[in-house]
Each structure stands twice: as structure tokens, then as C-alpha cells.
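One structure below.
The values are calculated or read from the model by the stated rules, or taken from the named source; none is laboratory data. A quick note: this is a predicted structure, and the numbers were derived from the prediction, not measured. Here the Cβ positions follow ideal geometry from the backbone for every residue, glycine too, while neighbour counts run over all protein chains shown.
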Amino acid sequence: MGKRQVPTRPDYIKWLLLAGAAALVVLMGAYIVLHYILPHSVTVDRYRYPVAGLDVSKHNGEIDFEHVVADDYQFVFIKASEGKTYRDDAFETNYRRASDAGLMVGAYHFFRKNRTGEEQADNFLGAIKGKRLDLPLVIDLEDDWGNGATVSRETALQRVMTMISILKGKGYDVMIYTNKDGYEKYYKGMLGDCDLWLCSFTSPDLLPDIPHRFQQFSHEGEVMGIDGDVDLNVFRGSKKEWARYLDNVKRPE
């Protein structure tokens, strides 16, 4: 028998380069599908769902909230913090201007699965200290390629539940923001004592099996007072139900 051919170092390098190029093509394809092919918006009947709002962060730039109100929006969720230490640079300004404009204001924290619930509760509470919020505190719980991919579902859930417990212990209502996958993976059967804010590009009327209080239905909204696209949301109820909801939101005295 002849000697087995052993790849030379240049062969290894060639195959590594080919594998890297293939992985890059796959990633680019996934990016194109997610950002350009899959829908990022659905039309919602404002007569049926008359209470609408936005969610914003520093990435939306300087916002004229007076114009937002004039464009028939009633509430806004503002990014306050993320993970253990990050705080959104625009939170203070957005909070003050949105409150002054008469919007009902809420705050959200992007949950990092590789940080403990205690660390993230401390960061969130520090970011909102001294602020009167009209809406529940929101934990933004979602999977993406850079968010603790090696952290197990069980560990992530335990950390979320610890954070919820701390926030509720301070007198706040807590709501979970996630998408349909997150609903099945984290919320359903586990976090149902918190209201749900669902991201779905499906009409709210077509989601009877997912009980949710708010729905994010577009990443491509055009709103007066904001340059560029903004996320759009609706409260799933009437104006009377909205008023009752606001009256019942728990917050520290």
C-alpha cells in the first residue's frame, strides 16, 4: 500500500479560508433574510386599537416629543439600561422631554443572559432612580447571536426571575418584552405573572392564543418629530381600558 497523503500546512490554510468564506456567506445570507426579506411591519387598525406608542433609545437621535404627541401617540417606552453597567446616554433627556410633552412614559432594560439578576436589577433601578414612571418596568428578553449564547435556558430564566423578584420587591409592576420564539422559550408557563409586550409582525387580531398587553408591530414607523425609522406599538384595548390600566399600574409611592 502507498503512503497516506498528509495535507501540508498550505492545504490546512486553504481549507480554513474556504470554511471561513462559507461561514461568511451563510451569515450574510441570514442578515439579508432578517433585514430585507422577512417583514418588519404590519398595518394595525387604529380605530380598533386607538392607543399607540413608541419605543426609543439613543439610536433614534434627538426627538421632538411635542410632535410625537401631535401625531397621535400616547405612550413611549425608553431604553434606560442594559446588562450590568450600561446606561443609555439619552435616557435622562428622553424621559424629561417625553414627560413634559404629556406622554405616558415607561422604561426598559435589555437583559444580558451572562449577567446575574441582582447585577441587572441594580443597574436598572439606578438608571431610573428619582423618575416617576407611568408604565411597568420592562425587561427586554430576547435571543441574538451576541447575547449569552452559551448560557442555558434554565440559567437565563433563573436570572430573569431573580431580577423580577427584586424589581417587584421595590414596588414596581414588571412586564416582559419578547418575540414569539421568546414567548415559547421563556415566558409561556414561567413568567406569566408579568404582563407581556410582544414583538410580532402579525395583526393583533390574529394572535388570540398569545395573551399580551402591548404589541410592537413595526420597526419601520415614520413619526413626526423623529428622523428615520422608529418602532411602533399599540395597547391591546380601548381608551377606557387604557385609563383603567394606568390607574392600576403599581409603582413605589
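Taking segment 92-126 as the range and being in contact (Cβ under 8 Å) with a residue 40 or more places away in the chain, of a type in the set (A, V, I, L, M), outside any loop (DSSP other than H, G, I, E, B) and closer than 28 Å to Lys180 by Cβ as the test, the residues that pass are Met104, Ala121. Being over 20 Å from Tyr49 (Cα atoms), assigned by TED's automatic domain parsing to the domain that holds Lys84 and among the acidic types (Asp, Glu) is a description that does not apply to Asp205. Among the residues making up segment 180-190, those that are closer than 16 Å to Arg213 by Cβ and crowded, with 17+ Cβ neighbours inside 10 Å are Gly182, Tyr183, Tyr187. Scanning segment 81-113 for residues being surrounded by 21 or more Cβ atoms within 10 Å (Cβ to Cβ) and of a type in the set (Asp, Glu) gives a total of 2. Being out of contact with any Gly (no Cβ under 9 Å at 6 or more places or on another chain), at negative phi, surrounded by fewer than 18 Cβ atoms within 10 Å (Cβ to Cβ) and small (Gly, Ala, Ser) is not true of Ser165. Residue under question is Asn147, and the condition is that it be of a type in the set (S, T, N, Q) and under 22 Å from Trp197 (Cα atoms); does it hold? Yes.
Within segment 83-108, the only residue that satisfies the criterion of being over 17 Å from the mean Cα position of the chain (by Cα) and either modelled with pLDDT under 95 or at positive phi (or both) is Gly102. Of all residues in segment 114-130, exactly one satisfies the criterion of being surrounded by 16 or more Cβ atoms within 10 Å (Cβ to Cβ) and of a type in the set (Lys, Arg), namely Arg115.
Condition check for Arg213 on (1) within 15 Å of Leu135 (Cα to Cα); (2) loosely packed, with under 15 Cβ neighbours inside 10 Å; (3) touching a residue at least 12 places away in the same chain (Cβ under 8 Å): one failure, at (2).
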